[in-house]
Amino acid sequence: MRQLLVMVVSDLSQRIRDASVIIFAIVVPLTLIFVMNLVFSGVSSQDLKPVTVAVSVPEGDQLAAAVPAALGQVSGDGLDVTVKQVDAQEAKSLVDSGVAGMAVVVPQGFMADLLAGDGPQVRVIEGEGVGLEGAIVTSVVNGVLAQLSADTEALDAGRQAGLGQQELAALRGAVETSGSTVSWTQGTAADEQLSPQAALVAGQAGLFLLFTVGFGVLGLVQERENGTLARLLSMPMRPELVVIAKGLVSFILGLVATGILLTAGTLLFDKVDFGPLPVVALLVVMVVLATTAIMFVIAKVARTAEQAGIAQAIVAIVLGMSGGAFFPVTNTGAVGALLQLNPVGAFTRGLGITSGGGGVVDLGSVSVTLLAFTAVCLLLAWLLPGRKDAL
């Protein structure tokens, strides 16, 4: 144990003094995260402006009243909708004068025409300068009308089914008093989803983790070239301690670098929270194990340090890009199933789960993916043919 500790401390001291470790593990990913956030923040964010909607509905029309009732519930986080009930002529003039951004005009006899199946026409007038807010308001109106149409279709179906007058009267009364069925409530993202900033931090942390862990394990290849590995193996200790020491160095470097990047991401960007620290820490441990295991495979098959570096870069770019390090990647079928095995993608999915409040149990599929990936890579590193002094 003392020999293992001495090798780990010595190697870590050497790596820390090497500026390239700090640059690749922390400086470069933080710089990329900051720059990419500046570039894409204007694309991913959309400020919603307050909008006034002038609504005209026939007096005493119970079904038409569902429209302003639903619009009155739209105001919420990021959107402010003011409903102003006026007559039909005034609604259009308010839009023309710019007092209202939109107008919704429900025609006279709306309920009677709807119940008769005549398809009444509801006018939506949009003023100049109304953007995404107008689309939201229109969607709410369409949703209310669709629900009201469904209710009246149920009444028509009752007629065709031969319901008696008493049953039809009860059904008509239920339709007339149904009111609004559309509401606006603030919700949270579904599991496995991150905000654009959080996804950027998670993806870049996963990508550069593949470079960081290489500073430990891939040192085996460099020491083999320099001749120092043979001297280490000739020392009075078990040969596997050398391999374990390199793996521990990679593991420690990966843990520290990933922890710094995730912490920096939560401090630099608003509303970036990856969830409970113990659960996130467990996820980080698993992804560091998985990426370290890949380095053992590369160290086994690479004959020179140059080959190892090229193989590491290829693996990092392929797994990073397919895992969503630069942009979200979604696929179905066989390709989608294959991408699910990507440790970078699994890491990002896991952070999406923890950010939504998920615990250790909720990380079940992600944990299986990362641990299975680790086991397969270590098995490959053991079974693949290579030089006897490689591992």
Net charge dipole size for region 221-325 [Lys, Arg +1 and Asp, Glu -1 on Cβ; Debye, nearest 20]: 320
In nanometres, the difference between 0.36 nm per residue of separation and the alpha-carbon distance of Glu306 and Ala375 is 22.2 nm
At what distance in nm do the modelled label points of Leu341 and Lys49 sit from each other, each positioned 7 Å from its Cα along Cα→Cβ? 5.2
Would you kindly state how much longer the chain becomes between Ile22 and Glu59 on full extension, computed as 0.36 nm times their sequence separation minus their alpha carbon distance, in nm to one decimal? 6.2 nm
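Could the peptides 363-375, 209-221, 56-68, 281-293 be put in order, highest first, of the mean number of other beta-carbon atoms found within 10 Å of their residues?
Top of the packing list down: 209-221, 281-293, 56-68, 363-375.
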Using a 1.4 Å probe on the protein heavy atoms only, what accessible surface does Ile22 show? Give it in Å² to the nearest 10. 80
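The values are calculated or read from the model by the stated rules, or taken from the named source; none is laboratory data. Computed from a predicted model, the values in this text were never measured in an experiment. Cβ sites come from the backbone with ideal geometry, for glycine too, and all protein chains shown count toward neighbours. Ligands, DNA and RNA are stripped out before the accessible areas are found, and what is left, the full protein with its side chains, is counted by its heavy atoms. Shrake-Rupley method; radii C 1.70, N 1.55, O 1.52, S 1.80 Å.
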